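In what follows, a single structure is set out as structure tokens and then discussed.
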Amino acid sequence: MRLRPVLALAYFAAAAHTAPALALDPRPARVCAACHGPMRKDWESSSMANSWKNPVFQAFLADAKSALGETALAGCVPCHAPMASVLGDLKFESPISHEGVTCNFCHNVAAVDPKANPPSYVFDASDPNLMRGPYADSDPGVAHGFVYSEIHTKGDFCAACHEHTDPGTSVTIDATHTRWKGSKAAAAGKQCQDCHMPPSAGQASPRVSKMNREKVYAHTFAGAHSPAMLDSAASLQAAVEGGRLKLTVANSRTGHAIPGGGGGMRSIALEVTFFDGAGAKLSAVPVETYGTEFADEKGKSPVPKWLAKKVARVNEIPADGVKEEWCDVPAKAKKAEATLTYHFIHPAYWAALSRRQVDLARHQPVVMARASVTLP
Ligand code: HEC
Ligand code: HEC
Ligand code: HEC
Ligand code: HEC
Ligand code: HEC
């Protein structure tokens, strides 16, 4: 068995991507869909399937290239276009390179070392037709080989891309896996898969195999783009104490901090709007923002993750944790309305993306929680 370790390379050390073109014949998702229709249908509209085509990613990739040169690309592909990475296809000649995090990639990963820095995955290029998955008693007939893979059933699998410290600068870019490890959900045995690929009883290959499975995992990878997930992620309460407004933000349902990662892209804003006795708006006050901001060598912040030389600010709502914020009440205010708004893209980058006419349809801010209180 020929195993090729692939490191999620640091952005700057990525210049020499010398992966040889492999005699590898990976199948596009379309081929798997002949027998695994439901998985393909779920996956198709997920962020993972679009991790390369995503117009916002492409816009930032263009920025990264103009700041660091063409070689910046090699630092992004291990996570955003892993097939291009393992095929050594940095010209994106193979259609499968465009498929983002795709079936034949994940199901050929033989090992993940979440403790490595950055975490690394091992892609088994020797036999792209050998599927690694959760069943020891699979029944794919002649369709493909199979092997039970414990790592696919564990959150450590996802660390391959959802945990990232730049070894050059020691800046932690993403710590979703570490945050999950320390959560009550992880202690109770809840894996990333349990929340982001929620299982249900059914068949893994409905048209081909009659095997009834207790658990078939959805391939939606629903996260912040799923209204149901975002709605339930945080709660917000408003109260008046000692003449001041007290806001309590709680994160009890996610298995990690929120924002859940995002490499400095995401931020959550807590704002309050005050109204007078007649219901007229008096003022809107930004109270707090949650997320991570990086600074470059000159101290400019926020900057995108590939320019990060240090962490300028980290303020997350921890897993199972609560944040209490206070706000002065203006004279004449009779009502306060608080909102917690999720920004997929840090507001600092928004105007420039709009000017460039980048399609921001999937990145419109979403209100996650509201609370209102009558003031004495
Ligand atoms: C991000 C990685 C990833 C991608 C992309 C992915 N899978 Fe999976 N798949 C998994 C994991 C992890 C499991 C096992 C989940 C568990 O048991 O906890 C799984 C399970 C399966 C199973 C077993 C039945 C089930 O759903 O539990 C099949 C079949 C499967 N995947 C097919 C596909 C197909 C077809 C595609 C592409 C349309 C695909 N997978 C894309 C990670 C992935
Ligand atoms: C010709 C039909 C067919 C095609 C095409 C096909 N599969 Fe399967 N596959 C099956 C059947 C049948 C099973 C067994 C289901 C069961 O045992 O419940 C299976 C099982 C699996 C499993 C579970 C393996 C295990 O041991 O846990 C994975 C993962 C998987 N397929 C992934 C894929 C991927 C990825 C592709 C495309 C590259 C693909 N399959 C293409 C029919 C097919
Ligand atoms: C090969 C790298 C890779 C692996 C392995 C991987 N992911 Fe991802 N994932 C990504 C990238 C890249 C994105 C961001 C795509 C974008 O926004 O363009 C992403 C996005 C997501 C999102 C965000 C969805 C949204 O719409 O907000 C969730 C949830 C997610 N992944 C869950 C998982 C889980 C669970 C696993 C393990 C079963 C996993 N990922 C494994 C690379 C990976
Ligand atoms: C107990 C359920 C649960 C577990 C376990 C869990 N998540 Fe989440 N995750 C959520 C919810 C709910 C959200 C939506 C809130 C949000 O986006 O911050 C989310 C959001 C995300 C996002 C999206 C975006 C973001 O930046 O805010 C990513 C990526 C993600 N999770 C990855 C993971 C990975 C990887 C693991 C395992 C290491 C994991 N999650 C474990 C519930 C869970
Ligand atoms: C170690 C894996 C990894 C590497 C390397 C990486 N990314 Fe990411 N990237 C991710 C993950 C995972 C997410 C989604 C995180 C989340 O939702 O919490 C993401 C999200 C993004 C987003 C936000 C996308 C959106 O639509 O919200 C942009 C933009 C982005 N990355 C650009 C880049 C660029 C450009 C590079 C190369 C210079 C790069 N990334 C390198 C894993 C990686």
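The values are calculated or read from the model by the stated rules, or taken from the named source; none is laboratory data. The model shown is predicted, which means the values in this text are computed figures rather than measured ones. Cβ: placed from backbone, ideal geometry, glycine included. Neighbour counts: every protein chain shown.
Below is a table of values for the structure above.
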read-out: Qualifying residue in segment 139-146 (condition: in the same structural domain as Pro206 (by TED's automatic domain parsing), near ligand 2 (Cβ under 8 Å from one of its atoms) and assigned to a strand (DSSP E or B)); value: yes
read-out: Test: residue in segment 54-67 that is more than 19 Å from Cys103 (Cα to Cα) and either part of a loop (DSSP other than H, G, I, E, B) or among the basic types (Lys, Arg) (or both); value: yes
read-out: Residues located in segment 98-128, provided they are farther than 30 Å from Ser170 by Cα and either within 13 Å of ligand 1 (Cβ to nearest atom) or touching a Ser or Thr at 6+ places or on another chain (Cβ under 9 Å) (or both); value: Glu99, Cys103, Asn104, His107
read-out: Boolean, Gln193 is more than 19 Å from Gly155 (Cα to Cα), in the same structural domain as Gly100 (by TED's automatic domain parsing) and either hydroxyl-bearing (Ser, Thr, Tyr) or free of Cβ contacts under 8 Å to residues at least 60 places away in the same chain (or both); value: no
read-out: The listed residue being closer than 30 Å to Ala159 by Cα, out of contact with any Asp or Glu (no Cβ under 8 Å at 6 or more places or on another chain) and surrounded by fewer than 21 Cβ atoms within 10 Å (Cβ to Cβ), out of Arg266, Arg313; value: Arg266
read-out: Exclusive hit being within 12 Å of ligand 5 (Cβ to nearest atom), of a type in the set (D, E, K, R) and touching a residue at least 12 places away in the same chain (Cβ under 8 Å), set Glu214, Glu316; value: Glu316
read-out: Qualifying residue in segment 136-145 (condition: of a type in the set (Ser, Thr, Tyr), within 16 Å of ligand 3 (Cβ to nearest atom) and buried (at least 17 other Cβ atoms within 10 Å of the Cβ)); value: no
read-out: Residue check for Gly37: surrounded by fewer than 19 Cβ atoms within 10 Å (Cβ to Cβ), on the phi > 0 side of the Ramachandran plot and out of contact with any helix residue (DSSP H, G or I) (no Cβ under 9 Å at 6 or more places or on another chain); value: no
read-out: Counted residues, segment 255-288 - those being within 18 Å of Asp328 (Cβ to Cβ) and of a type in the set (Ser, Thr, Tyr); value: 2
read-out: Considering residues of segment 134-169 that are among the small types (Gly, Ala, Ser) and within 22 Å of the chain's Cα centre (by Cα) only, the residue nearest to ligand 5 (Cβ to nearest atom); value: Ala160
read-out: Residue that is surrounded by the most Cβ atoms within 10 Å (Cβ to Cβ), among those in segment 361-376 that are farther than 30 Å from Val240 by Cβ and within 17 Å of the chain's Cα centre (by Cα); value: His363
read-out: Among the candidates Ser51, Ser46, Ser66, residue that is in the same structural domain as His144 (by TED's automatic domain parsing), polar (S, T, N, Q), at pLDDT 95 or above and in contact with a helix residue (DSSP H, G or I) (Cβ under 6 Å, 6 or more places away or on another chain); value: Ser51
read-out: Thr374 free of Cβ contacts under 8 Å to residues at least 60 places away in the same chain and under 15 Å from Gly261 (Cα atoms); value: no
read-out: Pairs, first touching a residue at least 40 places away in the same chain (Cβ under 8 Å) in segment 53-76, second in a helix (DSSP H, G or I) and of a type in the set (Phe, Trp, Tyr), C-beta under 7 Å, six or more apart; value: Ala64/Trp306; Leu68/Trp306; Ala72/Trp306; Gly75/Trp306
read-out: Pro118 vs. criteria within 16 Å of ligand 4 (Cβ to nearest atom) and assigned by TED's automatic domain parsing to the domain that holds Gly37; value: yes
